[in-house]
Amino acid sequence: MTVQSVGVVGAGQMGNGIAHVFALAGYDVLLNDIAQTSLDKALASIDRNIERQVSRGKVTADEKAAALSRIRTTLKLADLGATDLIIEAATERETVKQAIFEDLLPHLKPHTILTSNTSSISITRLASRTDRPEKFMGFHFMNPVPVMQLVELIRGIATDQETWDTLHDVVRKLGKTAASAEDFPAFIVNRILMPMINEAVYTLYEGVGSVKSIDESLKLGANHPMGPLELADFIGLDTCLAIMNVLHDGLADTKYRPCPLLTKYVEAGWLGRKTQRGFYDYRGEVPLPTR
């Protein structure tokens with residue numbers, strides 16, 4: 001089938017980035033959230049981020065105007081039912097995602113494809129709670145969406161070939177690269193990335209190195225563009241912990257046990273950049289390590 005209209009559930013950092021790239025690629029986008037302030041903030045972010053692309057010569061002013069004209073917003077989840085493809089980009093909690101799909105079901109067109117931008121939760125399990133598991137897939141974008149080139153495509157056990165082919169074609173039209181992942185906890189990227197971040201937190205917890213020395217070691221010693229603790233703050237420590245718990249619960253291997261220090265930071269509400277404190281304190285002019 002051909003996808004022309006896309007509904008995005010959740011107007012946060014991932015949701016607005018997804019809306020951004022789809023609108024630039026020529027798709028009609030309907031962006032949903034439970035708060036008008038979140039929708040307004042998302043539109044402002046999209047405008048600002050596309051303008052940055054204009055200033056760098058990657059997008060023309062006319063292309064920006066056309067993309068923004070393709071984005072509409074709504075507070076009513078049911079409005080998304082008329083779209084060809086729905087991408088759920090809500091918080092990384094399975095109960096929240098299940099409730100969203102259950103609320104959407106009565107309003108969907110027969111051919112609408114359902115997808116989740118989950119970074120770790122079982123696609124097969126999410127799909128089983130809908131009326132169309134054959135038209136359900138994991139559609140995992142990397143953060144920040146406009147910059148990162150990879151999209152993980154995850155089949156559930158019931159996903160049919162037409163749905164796979166359709167989404168693979170969509171990724172190509174977005175100018176991104178698709179990686180095929182099997183439906184096991186955390187898929188490919190986070191299956192590898194999150195244990196590395198968790199091990200960096202253990203290294204801090206055990207006093208092997210400071211925040212600064214750990215991040216500098218990986219940037220200068222392994223040529224990583226960002227240190228693991230800095231990256232954890234960027235992702236959100238609550239998201240990192242949620243993914244580690246999915247790995248630990250789903251694979252029953254002690255090597256995936258979340259570091260107690262990571263849990264402690266989340267309990268404190270120090271979630272990284274979005275709360276201004278995590279492994280770094282972002283409230284001043286320059287980020288300062290918190291340990």
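Nothing in this text is a laboratory measurement; each read-out follows from the coordinates by a stated rule. Please read all numbers here as calculations on a predicted model, not as lab measurements. Counting neighbours? That spans all protein chains shown, and the Cβs are built from the backbone with ideal geometry, glycine included.
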Amide H contacts under 5 Å for Gly156, restricted to residues at least 5 apart in sequence or on another chain and with H modeled in the peptide plane, are Gly138
Quick calc, the chain, dipole around Cα centre from Cβ unit charges on Lys, Arg (+) and Asp, Glu (-), nearest 20 debye, gives 500 debye
For Ala65, the net charge from surrounding residues (Cβ-Cβ under 13 Å; K, R +1; D, E -1) works out to -2
Residues whose built amide H sits under 5 Å from the amide H of Tyr280, excluding neighbours closer than 5 in sequence, are Thr290
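Cβ neighbours within 10 Å, averaged per peptide: list 179-185, 78-84, 23-29, 218-224 in order, most packed at the top.
Going from most to least packed, we get 23-29, 78-84, 179-185, 218-224.
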The convex hull of the Cα atoms of the chain, divided by residue count, gives a volume in Å³ per residue of 135 Å³
With Val96 itself left out, Lys, Arg at +1 and Asp, Glu at -1 over residues whose Cβ is under 15 Å from its Cβ give -3
Length gained, Asp79-Ala179, 0.36 nm per residue minus C-alpha separation, equals 33.0 nm
Within region 94-109, the residues whose backbone N lies under 17 Å from a label point placed 7 Å from the Cα of Glu134 along the Cα-to-Cβ direction are 109
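Just from its helices, what would the mean residue ellipticity at 222 nm be for the chain, if runs of 4 or more DSSP H residues each count -39500 (n - 2.57) and the sum is divided by every residue, rounded to the nearest 500 deg cm²/dmol?
On the way: 11 runs with 131 residues, N = 291.
Calculated at 222 nm, the ellipticity per residue is -14000 deg cm²/dmol.
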Given Cβ charges of +1 for Lys and Arg and -1 for Asp and Glu, the option among Tyr205, Val171, Phe136 whose Cα lies farthest towards the positive end of the dipole of the chain is Tyr205
Classified through the alpha carbon gyration tensor (a ≥ b ≥ c as square roots of its eigenvalues; rounded if a/c is under 1.5, else prolate when a/b is larger than b/c, else oblate), region 191-289 comes out oblate
Farthest towards the positive end of the dipole of the chain, among Leu77, Leu241, Thr159 and with Cβ unit charges of +1 on Lys and Arg and -1 on Asp and Glu, lies the Cα of Leu241
Here the membrane-span-like helices of the chain, with no claim about any membrane, defined by DSSP H, Cα axial extent at least 20 Å and mean Kyte-Doolittle at least -1.0, are 36-55, 189-205, 237-251
Two pseudo-spin positions, 7 Å from Cα along C-beta at Lys41 and at Asp281, lie apart in nanometres by 2.3 nm
In nanometres, the difference between 0.36 nm per residue of separation and the alpha-carbon distance of Arg291 and Trp164 is 41.2 nm
Partner lysines whose C-alpha sits under 29 Å from that of Lys135, ignoring same-chain residues fewer than 8 away, are Lys76, Lys97, Lys109, Lys173, Lys176
Once Lys and Arg are counted +1 and Asp and Glu -1 for all other residues with Cβ under 11 Å from that of Gly209, the total becomes -1
Amide H contacts under 5 Å for Thr73, restricted to residues at least 5 apart in sequence or on another chain and with H modeled in the peptide plane, are Leu31
Computed for region 3-121: size of charge dipole around the Cα centre, +1 on C-beta of each Lys and Arg, -1 on C-beta of each Asp and Glu, debye to nearest 20, value 320 debye
